[in-house]
1. Tell me, yes or no, whether the stretch 29-40 has at least one residue that is modelled with pLDDT under 90, surrounded by 10 or more Cβ atoms within 10 Å (Cβ to Cβ), touching a Pro at 6+ places or on another chain (Cβ under 6 Å) and outside the structural domain of SER89 (by TED's automatic domain parsing).
2. Of the conditions (1) more than 18 Å from HIS106 (Cα to Cα); (2) exposed (fewer than 13 other Cβ atoms within 10 Å of the Cβ); (3) of a type outside the set (D, E, K, R), ALA92 fails just one. Which one is it?
3. So how many residues does the stretch 35-58 have that are aliphatic (A, V, I, L, M) and assigned to a loop (DSSP other than H, G, I, E, B)?
4. Within the stretch 59-95, how many residues turn out to be touching a residue at least 24 places away in the same chain (Cβ under 8 Å), in contact with a helix residue (DSSP H, G or I) (Cβ under 8 Å, 6 or more places away or on another chain) and either closer than 12 Å to ILE113 by Cα or not in a helix (DSSP H, G or I) (or both)?
5. Is it true that some residue in the stretch 42-51 is under 14 Å from ARG107 (Cα atoms) and modelled with pLDDT under 85?
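The values are calculated or read from the model by the stated rules, or taken from the named source; none is laboratory data. Because the structure is predicted, anything quoted here is derived from the model rather than measured. Note that each Cβ is placed from the backbone with ideal geometry, even for glycine, and that neighbours are counted across all protein chains shown.
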Amino acid sequence: MQSIDAALAAINALKPNEKLVYSQIAKKYGVDPGTLSRRHRGISGSRQAAAQNQQAVHPQHEAELIDYIDRLTKRGLPPTRSIIRNIASQLAQKQLGYHWVDRFVHRNSHLVILKRTTPIDRSRRRADLEKKYQL
């Protein structure tokens, strides 16, 4: 638990007849009194909450997307970046930017994403023909 959260918990634990002094509680938990006051009154929120409000895809939809990608990967069909972007665009109900998938993969580094492969060159393709393996 962060110190600001502990300070907020201490404020919420105060009895109704106790006097609330932000500076004393802030000093005890090592946080800025102004920040504590604004956070307690609901004027400002945490950075994490602000970041969630700015995400193109809601965190719950992102979790569902992660589950879907995991299921596909377990089947041996890891999705490409374009597939992930198309699915996420449908969930967000708007077209997502080109680099959205990069940020998504960075946030969820455990995911297996299929990368594009280079085309096989002609000599390797000839060497891998079926008739070469027939008896």
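1. Scanning the stretch 29-40 turns up no residue that is modelled with pLDDT under 90, surrounded by 10 or more Cβ atoms within 10 Å (Cβ to Cβ), touching a Pro at 6+ places or on another chain (Cβ under 6 Å) and outside the structural domain of SER89 (by TED's automatic domain parsing).
2. (2)
3. At the first step, the residues of the stretch 35-58 found to be aliphatic (A, V, I, L, M) are 36, 43, 49-51, 56-57.
Keeping just the survivors that are assigned to a loop (DSSP other than H, G, I, E, B) gives 43, 56-57.
The total comes to 3.
4. 5
5. Applying the first criterion (under 14 Å from ARG107 (Cα atoms)) to the stretch 42-51 yields 48, 51.
Next cut, modelled with pLDDT under 85 only: 48, 51.
The answer is yes; a qualifying residue exists.
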